[in-house]
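The values are calculated or read from the model by the stated rules, or taken from the named source; none is laboratory data. Keep in mind that what you see is a predicted model, and the values were worked out from it rather than measured. No Cβ is skipped: glycine too gets one built from the backbone with ideal geometry, and neighbour counts run over all protein chains shown. Just so you know, the surface numbers come from the protein's heavy atoms only, side chains and all, with ligands and any DNA or RNA stripped out. Shrake-Rupley method; radii C 1.70, N 1.55, O 1.52, S 1.80 Å.
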Amino acid sequence: MKFPSSKAQGDMYKEAKRSSYFDLPALDVSIAFPQATPASIFPPCASDYYQFDDLLTPDEKETRQKVRKCMEKEVAPIMAKYWEKAEFPFEVVPKLGALCIAGSTLKGYGCPGLSITASAVATAELARVDASCSTFILVHSSLAMLTIGMCGSESQKQKYLPSLAKLDTIGCWALTEPDYGSDASALRTTATKVAGGWILEGQKRWIGNSTFADILVVFARNTTTNQINGFIVKKDAPGLQATKIENKIGLRIVQNGDILLKKVFVPDEDRLSGVNSFQDTNKVLAVSRVMVAWQPIGIVMGVYDMCHRYLKERKQFGAPLAAFQINQQKLVQMLSNIQAMILIGWRLCKLYESGTMTPGHASMGKSWITLRARETVSLGRELLGGNGILADFLVAKAFCDLEPIYTYEGTYDINTLVTGREITGISSFKPAAVRQQSRL
């Protein structure tokens with residue numbers, strides 16, 4: 001068989017492009033697949049089977065409902081577009097700010113002073129519609145703002161928290177480094193004392209919000225004490241550079257960045273006096289880990305709601321997919337997982353409120369909930385068939401978004417080891433040979 005030359009093939013392609021459908025935009029999904037409603041019109045909540053709402057106070061219910069309403073109305077219609085482009089929807093920031101949830105449990109300075117449970121259900125409602133929006137708020141509120149609130153001076157709280165609470169300014173939290181992820185306490189970024197302030201040198205990676213944050217909470221090793229200290233760095237500080245990490249398959253709307261710090265001067269007034277060791281950093285992480293545990297709860301709620309509606313709308317073999325036994329079994333398994341995840345998350349909140357939550361409690365909650373979420377979202381992916389790989393129907397997007405959440409704020413394995421150390425009294429983070437060598 002004789003094939004046309006490369007030039008002939010090129011000419012044929014050009015002619016086809018001029019005279020055919022090549023340049024037509026994709027059909028709107030509601031036209032291309034009219035049998036089921038896309039996630040841009042978000043389904044009603046059908047996942048609270050054990051009536052978790054009854055455990056909430058009136059204020060917590062109000063918080064849940066206002067966040068749900070905002071997310072369904074303002075974010076659901078645009079999330080697939082921004083996720084596909086891996087861009088951040090800055091137009092929703094004022095609407096999220098109007099919810100008055102940034103700062104969560106902090107009191108005063110314009111912060112809402114929510115209960116930990118209200119903050120948790122708000123996190124879940126954000127993630128139910130879009131996990132990236134929940135991560136944006138979590139980094140800003142439960143990491144950057146909380147660090148300033150817990151470890152900052154009175155003047156720092158007054159200076160930074162009010163505008164952060166309104167989302168007029170945005171914060172990020174820079175701990176992770178290229179060489180130190182799970183082993184974050186061994187970070188190498190340095191802070192050297194000089195007249196009137198500090199010089200920061202080093203590199204950070206995977207820092208959410210960093211490409212557009214107004215202030216960066218940065219952790220560095222004090223070259224005098226060898227302990228971890230915290231600093232507030234302004235976005236326009238000379239020597240600071242933040243660039244976007246490209247090619248992510250999950251949380252694509254979140255703008256994760258690489259940060260380079262080259263002789264960045266931080267005045268003494270922006271040194272966080274309450275961060276004097278990694279243990280101080282862990283106090284913030286303990287709270288944020290509870291919030292992170294509620295992200296997968298929200299994700300699976302959204303996935304279940306989407307599958308529940310889809311199975312009743314989509315028909316095959318002359319019947320709705322919901323009429324088939326195997327589909328009902330998967331749907332019930334998903335619903336069962338969600339009820340257990342919610343109750344574990346709720347109990348974590350109550351332990352925190354009573355002052356009895358331990359690092360092991362928080363770590364087991366985060367690791368177990370994300371594991372169950374993976375299983376639940378996988379079932380949802382199966383139920384939607386071909387549409388299970390389209391962001392238009394939420395499940396594929398949620399499937400990808402869950403993967404970084406399974407990893408960040410402590411991988412499944414690391415969080416398991418935190419709990420293991422707590423219940424046995426034996427640390428197993430480093431192999432025995434490495435521990436022995438460090439003693440020599």
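Here is a yes/no grid of residues against (1) of a type outside the set (Lys, Arg); (2) open to solvent by 10 Å² or more (accessible area, probe 1.4 Å); (3) in contact with a strand residue (DSSP E or B) (Cβ under 7 Å, 6 or more places away or on another chain):
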| residue | (1), (2), (3) |
| --- | --- |
| 269 | yes, yes, no |
| 273 | yes, yes, no |
| 280 | yes, yes, no |
| 284 | yes, no, no |
| 290 | yes, no, no |
| 298 | yes, no, no |
| 309 | no, yes, no |
| 315 | no, yes, no |
| 319 | yes, yes, no |
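Per-residue answers, yes or no, for (1) touching a residue at least 40 places away in the same chain (Cβ under 8 Å); (2) surrounded by fewer than 18 Cβ atoms within 10 Å (Cβ to Cβ); (3) closer than 16 Å to residue 115 by Cα:
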{"site": "39", "(1), (2), (3)": "yes, no, no"}
{"site": "66", "(1), (2), (3)": "no, yes, yes"}
{"site": "70", "(1), (2), (3)": "no, no, no"}
{"site": "88", "(1), (2), (3)": "yes, no, no"}
Among (1) assigned to a helix (DSSP H, G or I); (2) modelled with pLDDT of 95 or more, there is one condition residue 280 misses while meeting the rest; what is its number?
(2)
Might you check whether a residue that is open to solvent by 10 Å² or more (accessible area, probe 1.4 Å), in a loop (DSSP other than H, G, I, E, B), modelled with pLDDT of 95 or more and at negative phi occurs anywhere in segment 159-168?
yes
Just one of (1) of a type outside the set (Ser, Thr, Tyr); (2) in a loop (DSSP other than H, G, I, E, B); (3) assigned by the TED database to the domain that holds residue 129 trips up residue 46, so point out which.
(3)
Might you let me know whether segment 119-138 holds any residue that is open to solvent by 10 Å² or more (accessible area, probe 1.4 Å) and farther than 30 Å from residue 42 by Cα?
no
Please indicate, with yes or no, whether at least one residue in segment 414-421 is open to solvent by less than 70 Å² (accessible area, probe 1.4 Å) and of a type in the set (Lys, Arg).
no
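Conditions (1) small (Gly, Ala, Ser); (2) without any contact (Cβ under 8 Å) to a residue 24 or more places away in the chain; (3) within 20 Å of residue 125 (Cα to Cα), marked per residue:
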position	(1), (2), (3)
322	yes, yes, no
325	no, yes, no
337	no, no, yes
342	no, no, yes
353	no, no, no
357	no, no, no
363	yes, no, no
366	no, no, yes
Could you run through segment 251-272 and say how many residues are acidic (Asp, Glu) and part of a strand (DSSP E or B)?
1
All-but-one check, residue 263 against (1) crowded, with 16+ Cβ neighbours inside 10 Å; (2) in contact with an Asp or Glu (Cβ under 7 Å, 6 or more places away or on another chain), failing number (1)
So, in segment 173-186, how many residues would count as being modelled with pLDDT under 95 and open to solvent by less than 20 Å² (accessible area, probe 1.4 Å)?
1
Filter segment 93-115 down to residues that are crowded, with 20+ Cβ neighbours inside 10 Å and among the β-branched types (Val, Ile, Thr) and give me whichever is modelled with the lowest pLDDT.
105
Report yes if residue 197 is touching a Pro at 6+ places or on another chain (Cβ under 6 Å) and not aliphatic (A, V, I, L, M), otherwise no.
yes
Just wondering, is there one or more residues in segment 357-376 that are under 15 Å from residue 289 (Cα atoms), of a type in the set (Val, Ile, Thr) and open to solvent by 10 Å² or more (accessible area, probe 1.4 Å)?
yes
How many of the residues in segment 72-86 are open to solvent by less than 70 Å² (accessible area, probe 1.4 Å) and in a helix (DSSP H, G or I)?
7
Residue 391 vs (1) closer than 29 Å to residue 84 by Cα; (2) crowded, with 23+ Cβ neighbours inside 10 Å: all pass except (2)
Got at least one residue in segment 391-409 being of a type in the set (Phe, Trp, Tyr), within 23 Å of residue 127 (Cβ to Cβ) and assigned to a loop (DSSP other than H, G, I, E, B)?
yes
Would you mention how many residues in segment 223-250 are within 18 Å of residue 193 (Cα to Cα) and outside any strand (DSSP E or B)?
8
Suppose we keep only residues that are surrounded by fewer than 19 Cβ atoms within 10 Å (Cβ to Cβ) and in contact (Cβ under 8 Å) with a residue 24 or more places away in the chain within segment 139-156. Which one would you say is nearest to the chain's Cα centre (by Cα)?
150
